[in-house]
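The structure under discussion appears below in the form of structure tokens.
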Amino acid sequence: MAGFLLTKGASSLLIAQGVVVASAYIINFWLGRHLGAELYGSYGVVLAIATVLNLLFAPGIIQGVSKLVAENREAAHSIKREAIKVMLLSSLVAGVAYFLLINALANLLNDAALTTYLQLLTLMIPAYLLTSVYSGYLTGTKQFVK
């Protein structure tokens, strides 16, 4: 049974990663041809910053929630609920701090036109944190396909 779950989980992960890579390739190819050099460059900068934000927030949360849930399956829902509360507060603090630094970041990059795009990334911070909690919860409860 454990071998089947491992194979099913690994297969699901492999398929999901393949879809992500193929989607990213298609999106980048299409955007590169339709945005023009300047806007595509802005897209690349914003995507790089979004990736850094994701890497700062997601991995530790996923692993932490997953470990806690796996160790105490009876309390899985309350662990998820508490993690969501903590992440909402954390995302508010991180979002405000990031938002306050946006002008300095745009100035550092010598491109004030990036300001609006970078402001939109503020909305992604709670999304990264909340999806990380749910990902950790699903991993800890062995719901890999979801």
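The values are calculated or read from the model by the stated rules, or taken from the named source; none is laboratory data. Since the model is a prediction, treat every value here as computed from it, not as a measurement. Glycine gets a Cβ as well: all are built from the backbone with ideal geometry, and neighbour counts include every protein chain shown. The protein model used for the area step is the full one, side chains on, heavy atoms only, and it has no ligands, DNA or RNA in it. Shrake-Rupley method; radii C 1.70, N 1.55, O 1.52, S 1.80 Å.
Residues that are more than 30 Å from LEU138 (Cβ to Cβ) and either outside any helix (DSSP H, G or I) or open to solvent by 40 Å² or more (accessible area, probe 1.4 Å) (or both) within the range 24-49 comprise PHE29, TRP30, ARG33, HIS34, LEU35, GLY36, ALA37, GLU38, LEU39, TYR40, TYR43, VAL45, listed in sequence order.
Residue check: VAL52 meets all listed conditions (1) surrounded by 12 or more Cβ atoms within 10 Å (Cβ to Cβ); (2) modelled with pLDDT of 85 or more; (3) under 30 Å from VAL93 (Cβ atoms) but one, namely (1). Before we move on, is TYR117 open to solvent by 90 Å² or more (accessible area, probe 1.4 Å), among the aromatic types (Phe, Trp, Tyr), out of contact with any Ser or Thr (no Cβ under 8 Å at 6 or more places or on another chain) and in contact (Cβ under 8 Å) with a residue 40 or more places away in the chain? Considered against the rule, which asks whether it is open to solvent by 90 Å² or more (accessible area, probe 1.4 Å), among the aromatic types (Phe, Trp, Tyr), out of contact with any Ser or Thr (no Cβ under 8 Å at 6 or more places or on another chain) and in contact (Cβ under 8 Å) with a residue 40 or more places away in the chain, TYR117 comes out as no. As a summary of the residue check, GLU71 satisfies the conditions (1) open to solvent by 50 Å² or more (accessible area, probe 1.4 Å); (2) of a type outside the set (Gly, Ala, Ser); (3) within 13 Å of the chain's Cα centre (by Cα) except for the one numbered (3).
Taking the numbered list (1) open to solvent by 70 Å² or more (accessible area, probe 1.4 Å); (2) touching a Gly at 6+ places or on another chain (Cβ under 6 Å) in turn, SER66 passes all entries but (1). Restricting attention to the range 31-63, the residues being aliphatic (A, V, I, L, M) and in contact (Cβ under 8 Å) with a residue 24 or more places away in the chain number 8.
Restricting attention to the range 98-114, the residues that are open to solvent by less than 50 Å² (accessible area, probe 1.4 Å) and free of Cβ contacts under 8 Å to residues at least 60 places away in the same chain add up to 4.
Of the residues making up the range 120-146, just one is of a type outside the set (A, V, I, L, M, F, W, C) and closer than 15 Å to LEU47 by Cβ, namely TYR128.
What residue, among those in the range 87-146 that are of a type in the set (S, T, N, Q) and not in a helix (DSSP H, G or I), is farthest from the chain's Cα centre (by Cα)? It comes out as ASN110.
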